[in-house]
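Notes follow once the structure below has been shown.
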Amino acid sequence: MPSLLKLVTAVALLTEGVLGRQAPAVRVKNGTLEGKYVAGLDQDLFLGVPFAQPPVGQLRLQNPQPLNETFKVKKVTKYADSCVGYGNSADQGPATFSEDCLTLNIVRPAMSKGSKKEKLPVGVFIHGGGWTMDFSANGVYNMSFMVEESVKMGKPFIGVSVDYRLSFWGFMASKDILNAGVANLGLKDQRIALHWVKENIAAFGGDPSKVTIFGESAGGGNVGYQAMAYGGVDEGLFRGIIAESGADGTDMKNYTGPQQRYDTIVKAVGCDKESDKLACLRQVPFEKLNATSTKIQGSFYPVVDDDFVPDYPSKLLAEGNFTKVPLMAGTNADEGSFFGLPGVDSTEEAVSKLRTAGLDADTIDTLLALYPNIDALGIPSGYRYKSSDPVKKQYKRWAALQGDQLFMSWRRARTDAWSKHNVTSYAYLFESPNTNMPGYIGTPHFVEVAYVFYNLLGQGYSKGQGPLVNASKEVLDLAKLVSHMWISFITELNPNEHGISGIPEWPVFNNGGGYGEHFYFNPNGSLAQPDTLRLAGTTFMNSVSADQYGR
């Protein structure tokens, strides 16, 4: 599948010469940014816009710094380098990777010179990828289709996507890192990007008081961390949050693993004998430092640093230490299908895996009682075990437990907290099986992304693998509903202003009676339902969130 950049470039070359339209130019604090107009979409694109100083040299492994350069005119017509990560998507499109990667991309409905239109709402997307991979230039996050659909709805908005430091470049933790106050750099990159948006988006026709941040997976976790940053300090950076399949790190105060990974890197590049190891790491050639990725076991993720993340997220939520703005959050029906593969064959194997994850005996016993090996309670609900499939006998049980530990419990912890503190939130459950995948996968993690971005062309997916490519009318109708509801929330802070007739109301989440309601998305019919699916399991998980999961 051709990359978005190639498609856009081809269209632009064909249309700009014919129409002779002047390239869009915007004056920001540091100078003038010159983007490009795409006639086929009637959009202005500003790609690879720097929002902080390049984190290279002495700024490597340092907190992000505001831009300090000025310029007359800077062309921003193609994606900049993406942040270094590992295991990125197969179709990398135009992306190249480097340390110099703190940029964002802006897609807006085209504006004529001197236009005095009302300032538009803004949607800032923060990608996921487990804090170790992915990038905003990935075609699956193409903002153009969503922005185009918003114009058709009569609810136009400006789309922004952000890159941030990943893996050990952005989420290294150790005694040295914590003492220097340079943990959670990727989260801080996102924060300074939001400050840049607040300071400059008006010049693009955006309303800085109407910014919604949204993300999926680790990106959903990221927007959650932004809500709790510095104990929930409200800096006026956003007025709404959308979290798709959000997740936290685990063992966020246990620095043993992060310290070991840090020590491995330090030794691999010859900095272990230096008194100032961070200063030494800042002088190591990029290629040498990057090569240490093959020596590292384990992953990188946000940690409690007594600063940006001052405590476990569960404690911050319980104490109401979060930015109190409207929230829309949900999960897919079979989040655990990927993460549960290949499952377990027996209760004994499940016990062993949970013990390895650090859970105590009482917690394990309770979890396995709440997640019994009963086929009807497992996921995917419509799948029946077959010995010919590459899954184990208790795969469905294990997939349900894994998905709830990672994602469903995360969502409920937040909608419960929002409800407790009388802040508007909307919960959802999305079920639309990906027919390009085996039946034991169901409606997995990430599949809703194509629906949200209204990616009918399968941009960024392997050929023929886009969930909406050759899809049924019912699935395409669902995609339009999902995208319209997301656009409605970005523009109105209410998903119900979507303009599609015959759709039941999506109610505000209120668990005052013990549980609230979520909106159930399904191609065969979408409606509000009691939010009770495996509720006992996630309630227990959240009751031991700090003690057992370290989050």
**Request:** Take each of the peptides 314-323, 352-361, average the number of other beta-carbon atoms within 10 Å over its residues, and list them starting from the highest.
**Result:** 314-323, 352-361
**Request:** Count the lysine pairs in segment 303-457 whose Cα atoms lie under 24 Å apart, taking only pairs 8 or more positions apart in sequence or on different chains.
**Result:** 8
**Request:** Return the aspartates and glutamates within reach of LYS473: Cα separation strictly under 19 angstrom, same-chain partners fewer than 8 residues apart disregarded; answer none if there are no such residues.
**Result:** GLU149, GLU431, GLU448
**Residues whose placed amide H lies under 5 Å from that of GLY378, excluding near-sequence neighbours** = none
**Prompt:** If pairing requires two Cys Cβ atoms under 4.7 Å apart, which cysteines of the chain are left without a partner?
**Reply:** none
**Item:** Answer label, with Cα extents along the principal axes in Å calculated from the coordinates and candidates [x] 69, 68, 47; [y] 109, 64, 54; [z] 83, 61, 51
**Value:** [x]
**Complete:** Summing -39500 (n - 2.57) over every DSSP H run of at least 4 in the chain, dividing by its residue total and rounding to the nearest 500, the 222 nm mean residue ellipticity is -9000 deg cm²/dmol
**Message:** Give the lysines reachable from LYS36 as a straight Cα distance under 21 Å; neighbours fewer than 8 places away on the same chain don't count.
**Reply:** LYS6, LYS72, LYS74, LYS75, LYS78, LYS113, LYS116, LYS117, LYS119
**Request:** Place a label point 7 angstrom from the Cα of VAL73 along the Cα-to-Cβ direction, then list the residues of segment 19-48 whose backbone nitrogen is under 13 Å away.
**Result:** 22-27, 32-36
**Message:** Can you give me the long-range amide H partners of ALA357? Hydrogens built in the peptide plane at 1.01 Å from N, cutoff under 5 Å, separation of 5 or more residues or another chain.
**Reply:** none
**Asked** Label 7 Å along Cα→Cβ of LYS253; segment 532-551 residues with amide nitrogen under 18 Å?
**Response** 542-551
**Fill in**
The long-range amide H neighbours of SER82, using H built 1.01 Å from N in the peptide plane and a cut-off of under 5 Å, are THR96, PHE97, SER98
**Distance (nanometres) between label positions extended 7 Å along Cα→Cβ at THR532 and LYS295** = 5.6 nm
**Complete:** Fewest-first ordering of ILE441, ILE106 by Cβ atoms within 10 Å yields ILE441, ILE106
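Rule-based calculations on the coordinates, nothing more; no lab input. Here the structure is a predicted model, which is why all the values come from computation and not from measurement. Here Cβ is always computed from backbone atoms with ideal geometry, including for glycine, and neighbour counts include all displayed protein chains.
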